[in-house]
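FYI, it's all coordinate maths here, none of it is from the lab. These numbers were taken from a predicted model, which means no experiment stands behind them. Using ideal geometry, Cβ is built from the backbone for each residue, glycine included, and neighbour counts are taken over all protein chains shown.
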Amino acid sequence: MRATVTGQARRRRGRPVGGGRGSRASQVPSGGRYLWTPLFLAGLFLVTAVVIALDLTTGTAIRLYPLLIFLPAIVSGLGDVKQTIAASVWVVLVEVGTGAYLGAQVDDLLLAAGFTTIFGVVSVLGCRYRVRREEEVHRLRSAASALQRLIVRPLPLRTAEVAVDGLYHPIEEDALVGGDVYDVAVSRHGTRVLIADVQGKGLPAIGTALAVLGSFREAAYREDTLTGVVAALETTVVRQNVFAAMTGEPERLVTALVLDIAGDTEVEAINCGHIAPFVLHDGEAYQVDLGEPALPLGLASLTATPRRGTRFAFPLGATLLLCTDGVTEARDPRGAFYPLEERLRAWAPDPPAPLGRALGADLQEFTGGDVRDDVAVLTLRRMGPPSIPP
């Protein structure tokens, strides 16, 4: 096999755009993991002191300290069970002590203590239920993340021709895979790369995306030509649409960009209605001219013109950036589109590392955190042959 993966693929990063998926903090649920910190105790004492001080200084006929009964409920929504119990006991003691200091009757003190205790018990039970639910969701998400790493290839990785990194962010928070997908396959012909965008959202679109990924992984090894790989993808999308028509689902088209990167300084590309790649090299950034794009996958029967490959220069040390329309069609709060080419030209003299996640962070800032479409970004840096120790 001509090209082999030589670097171990590390755990993927980035559930929030530009963030780290594999970070420790993102894997720990909020419930049941809080420590007894001075901040919690300080907050408890501060809220109590403010309420008591207002009650003693306002001089109104309506007492304010009974409002502390809601403090355990607030803690139950933010802290763990032990903190909720502590807050409940604290409020009972404060209310009884404050009532006694203000000269309340014994019956009133007992009634207040009873209501506060009942409310505290309910808060503790609610907190316990919340913590268990968060731990269950955490376990499910951990399993989902492991499954996702099997479906979408982890980044970064290294082949004989390129070092690949990037960013992948399905817009649906709990989705394993979105409509935007990518893959990198190592074959005897070189490194073959796919980035695609399935029309529509939801489970049917994800089903088509998984079918396209499976077809690409098989065809990238089997087919001698890039046109053969694209023909296999076309067949897969057509079959998916036939099945969709039988089940009453709408047919879907898939825009895709497929690359064949061999050992020379050129790349062969077939563009099926997708965004053309960008090249960053020698302090410059530009979008590659691939000519008129072919029809998206699933629509080949509408034309007699076969899809053909286009070659372009990809010299040593250059970086190739591929993306989906989740990047180019992102808007800021005023409705302006994200200026991808302008950003790349500004970064070209000194590209940030890693470029994909830097772009994701900038996209998040540009949109004000309101990214409304799946985002997939791949960066491929042309490298020399990797040094493999004996």
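Things worth noting here:
- For a label point 7 Å along the Cα-to-beta-carbon line of Thr247, residues of the stretch 177-196 with backbone N under 17 Å: 177-179
- All-pairs alpha carbon distance profile, the stretch 239-383, 10 Å steps from 0, percent: 10, 34, 32, 19, 4, 0
- Amide H contacts for Glu266 (H built 1.01 Å from N in the peptide plane; partners 5 or more residues away or on another chain; cut-off under 5 Å): Phe314.
- Label-to-label distance, nm, for residues given as Leu39 and Ile151 (7 Å Cα→Cβ offset): 3.4
- Amide hydrogen neighbours beyond the local backbone of Ala318, cut-off 5 Å, H modeled: Arg382
- Where labels lie 7 Å past Cα in the beta-carbon direction, separation of Ile171 and Leu203 in nm: 2.0
- Sequence-distant residues sharing a close amide H with Ala348 (under 5 Å, placed H): none
- Computed from phi, the 3J(HN,Hα) profile of the stretch 219-232 under the Karplus parametrisation 6.51, -1.76, 1.60 (θ = phi - 60°) reads 5, 4, 7, 7, 7, 7, 10, 5, 5, x, 5, 5, 4, 5 Hz, with x in place of Gly and Pro.
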